[in-house]
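Peer 1: Can you keep this structure in mind? I'll have questions shortly.
Nothing in this text is a laboratory measurement; each read-out follows from the coordinates by a stated rule. What you are looking at is a predicted structure, and each value in this text was computed from that prediction instead of being measured. Cβ: placed from backbone, ideal geometry, glycine included. Neighbour counts: every protein chain shown.
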Amino acid sequence: MAATEFITGQRWISNTEAELGLGIVVENLNRRVTMQFPAADEERTYAIDNAPVSRVEYPIGEQARTKDGVSFEIKDRHEQNGCLIYFGVDQDDNEVIVPEVELDSAVQFSRPQDRLFAGQIDKSSRYRLRLDTLQHHHRQQQSPTYGLAGGRVQLLPHQYYIAHEVANRFAPRVLLADEVGLGKTIEAGLILHHQLITGRAKRVLIAVPDSLIYQWLIEMMRRFNLQFSIMDELRCTAMELSGTDNPFESAQLILCGQNFINDNASRMEQILACDWDMLIVDEAHHLVWSEEAPSTLYQTFEALAQQIPSLLLLTATPEQLGLESHFARLRLLDPDRYSSLEQFREEQSHYAEVNQLVQQLIASDGIKALQQSTDLQQQLNDYLGTTTAADLIAQVNQGDNEALASCVNHLLDRHGTGRVLFRNTRDAVKGFPTRILNPYLLEKPPLLEELPEDAPLSHLLHPEKALGEDWLEQDSRVAWLTEWLKQHRLEKALLICANADTAQQLEEYLRLRQGVRSAVFHEKMTLINRDRAAAYFADDEDYAQLLVCSEIGSEGRNFQFAQHLIMFDLPLNPDLLEQRIGRLDRIGQQHDVQIHVPFYSDSAQAVLLRWFDEGINAFRHTCPAGQQLFEQFSESLEMLIRDGADEATFQTLINDSRAAADAIQQELQDGRDRLLEMSSCRYPDADHYVASVAEYEDQADLKAYMEFVFDQFGVDMQENGEHSVILQPTDQMIQHRFPALADEGCSATYSREEALSREDLQFLSWEHPMVTGAMEMITGSEFGNVAVTTLKLPPLQPGTLLVEAIFVLYCAAPRHLNVQRYQPQATVRVLFDSNGNDLSAIVTDAHLNKLGERVKRRVAQNLIRHARAEITQVLENVERTAAKQQQSLIDSAVAKATAELDDELERLEALRAVNPSIREEEVMQLSTARDDILSHLQGAKLRMDAIRVAVIDK
């Protein structure tokens, strides 16, 4: 019977839709064949000449099953009128006769040997892609920064140190308290992303002040590809009306306002009824607590913190502004450890002593001082124990350069709150630019001189509202801006004003009336249009000179490629002023940040300008106590804005503000916990983590791999300039959808630098959902696991069969254990010829890839059909040889896991003996994880993952 002859009643399987199961030929007319797939209740019609199907012919000795579920072993088979009849015995040794039409249709061939003999043969390119994917996936799991490389963030050591230290813990509970501008949200995002991608967390609740909800939504989506669902009363009610019992069970990642949770007892009950893995609370200093009267908001989150295993608290308010407030945050993290405020006060008093010791050790003469000072040596004995201190001192005396650093690290590990609290300051983190204030005194429009005394404060702060519809013609700020842009035509500038309408009208005027290359960015635009505006501003060639933003321009976006910031108006709130400046004042800014402030004399802007600059020095330096100072002086400040005052009164406000700001700054400096700052970023480790991420995300490898993936899956990829590509789904895609690729396509980049300036581009890293989804789609299916090729290899006789099998060490363990990181290699490759010779070391995969020639599917199917017995015999040799390597691989993995986990467990237990900040459950979990990992590894099995058959040609 010809391979392409279709007979009614025959069983075939689809090469492109294996999930349909076995098909039955029901009609063969007009050069078309129609097949019914009972298991999927589907029907397909194919052109006979190129039908993507393979004939299913079970061999003698195979196990099969009838459509009634009876299993039987095939003893014989006969062909009758083009169809097969199987003769066999069932499990009770009863003889059965089964026409092939009566076979079970719910059958899929996923094992490579099953697919090979069923004629489901893949292209050689897909086989190579599968093997590449296995190698890349194994390399991913081995990376020490796995889970931390996928964020659209700068590779800043202090952020990666915190993320690595915290993310690798069991159910981490920490307070992230970096100063403003150092990236607490990014640190939390990195930790969260790691916990999710490694399987340590699945359900997460983020609670933030209402004003920050959309900033967090965008940050999580843009930076970490995490899609959060916002929950508010309107959405909850709508979901309940549609039949949802508990709206908080509807999504894995949920974001909501703190007041929404606090103000609604029934919603709080619903949240508590859910199983959460992690809770993140931003602006945690709003949770007010005292021993006598904790606030309702504090009690609400205390209830959540008691139930949810992992907790991240974020606050920029330093502990020096209130020990009681600081204790309240730590009490949420570990109520057993921080149960007494008085005890905490006592502990805090000793931290200064340890801090002083550390400063002596890290001084330029630290080694000499330690060698000569019996007092320093005695302090080490007191703080580290006699044995540990003696060993370290001996190493110092022997000239060990690392010993002094080891002394400091021991002190950092054992004393203070460094394990539960991380705080980096601008004094400790270098790389920030200088800020330069450029004020411009302008003529005041006549209409503003005539404002009534009871004019709204918004008219004073935003003069365009008072000037009316033709404000663009009257406002001298507009004329000044037009002239300034002409003088700086080749330089990019970011302009921020308070209102969306102002931004929209101003940008339109500059673009249409003045010919300025500009773009606008405000909250009334869609996210896509905002991205386009930001991308136009960021472009290196065809770019906007000016981006006009409403206040949301100071939230979440970084424009550090520009150096000019124009304040079209000034906000009342110093924190909002800092957010504006922070769009350009970032680590990595290559220039001084030029802050331009146009203002009128005797105006609200003039008052704010002087108070911000002379009173609290908020333009030239960060002002961590800005909100506190504003609350203290807001009444006097508003009075000056409304009523004006003589210079003496104004100068008094300036002097009082400066004195208060200096006092707070001095208090912060005097109370700086340098021990905490040192433990919050140990630079040798931090630099190692950053280097690991840079190595891990090798752009060239990823780009080449994904181009291979896109080609094989039918995704259209076009170069779009030097650093980006355009991806589009096509009708030729082998899957209905490609992971993380929208129907309308997307633009993407492999460059981290480009991604940071172009938020309209997807940042394709090894951890992007498009990449991980493609890898899972390949390794989690039979894609590319069978190939047939021919090649010329003179030392071998023509007609010789070569069978290459790829094995993986399969370990069915929970994902959060990440057992693959202990496995010594990604795959085991074995190659035998039909004469029983092991040629694995002689004929490499590179030989087969380079010399292999394509074989048409029909030819390959016929070849496999006729050589089945021979191939089966070779596979037996292959599997026996691979099996001999199984135990050595397991032993190697177990040895590596035992060494690493025992060291970590010993270190943690030793630290717990001297540092009560380490929770008992953390040690217990690590011990349990160690036992689980070793148990799973010892039960691992080598499993055949792919087969390639090669025939030596003449």
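Peer 1: Taking the mean number of other Cβ atoms within 10 Å as a proxy for protection, how do you rank 70-78, 518-526 from highest to lowest?
Peer 2: Put in order of decreasing packing, that is 518-526, 70-78.
Peer 1: Could you work out the relative contact order of the chain, using alpha carbon pairs under 8 angstrom and six or more residues apart, expressed as a whole percent?
Peer 2: 14 percent
Peer 1: Also: Given the stretch 350-419, report the % of alpha carbon pairs whose separation exceeds 18 Å.
Peer 2: Every Cα pair in the stretch 350-419 considered, those over 18 Å come to 27 percent.
Peer 1: Near LYS524, which aspartates and glutamates are there with a Cα under 14 Å away, not counting those fewer than 8 places off in the same chain?
Peer 2: ASP501, GLU551
Peer 1: Quick check: from the Cα gyration tensor, does the stretch 435-671 come out rounded (a/c under 1.5), prolate or oblate?
Peer 2: Oblate, since a/c reaches 1.5 and b/c is not below a/b.
Peer 1: Where a ≥ b ≥ c are the square roots of the eigenvalues of the C-alpha gyration tensor, would you call the stretch 390-449 rounded, which needs a/c under 1.5, or, failing that, prolate if a/b is larger than b/c, or oblate?
Peer 2: Note, shape of the stretch 390-449 comes out prolate.
Peer 1: A follow-up question, please. Please work out the Cα center distance from the stretch 515-555 to the stretch 770-795, rounded to the nearest Å.
Peer 2: 44 Å
Peer 1: Beta carbons within 10 angstrom, averaged per residue: use that to sort the peptides 590-601, 845-856, highest first.
Peer 2: Highest to lowest by the protection proxy: 590-601, 845-856.
Peer 1: With a 10 Å radius around each residue's Cβ, average the other Cβ atoms per peptide and rank 236-248, 197-209, highest first.
Peer 2: Ranking the peptides 236-248, 197-209 by packing returns 197-209, 236-248.
Peer 1: Based solely on its DSSP helices, what 222 nm [θ] is calculated for the chain when runs of n ≥ 4 H residues each add -39,500 (n - 2.57) and the sum is averaged over all residues, nearest 500 deg cm²/dmol?
Peer 2: Helix-only estimate at 222 nm: -13500 deg cm²/dmol.
Peer 1: In a shell of Cβ-Cβ distance under 13 Å around GLU469, excluding GLU469 itself, what net charge do Lys and Arg (+1) and Asp and Glu (-1) give?
Peer 2: Neighbourhood net charge equals -4.
Peer 1: Here's a follow-up. Normalise the Debye intensity by I(0) for the stretch 11-108, one equal point scatterer per Cα, no solvent, then take log10 at q = 0.11, 0.12, 0.20, 0.21 Å⁻¹ and round to two decimals.
Peer 2: Values returned for q = 0.11, 0.12, 0.20, 0.21 Å⁻¹ are -0.34, -0.40, -0.98, -1.06.
Peer 1: Please report the net charge: other residues with Cβ closer than 14 Å to the Cβ of GLU635, K and R +1, D and E -1.
Peer 2: That works out to -3.
Peer 1: Can you compute the radius of gyration and Dmax for the chain, using only the Cα atoms, both in Å?
Peer 2: 34.4, 112
Peer 1: How large is ³J(HN,Hα) for each residue in the stretch 511-519, as worked out from phi by the Karplus curve 6.51 cos²θ - 1.76 cosθ + 1.60 (θ = phi - 60°), to whole Hz, x for Gly and Pro?
Peer 2: Result, rounded to whole Hz: 6, 8, 9, 10, x, 7, 6, 9, 9.
Peer 1: Dipole size in debye (nearest 20) for the chain around its Cα centre, Lys and Arg Cβ +1, Asp and Glu Cβ -1?
Peer 2: 3660 debye
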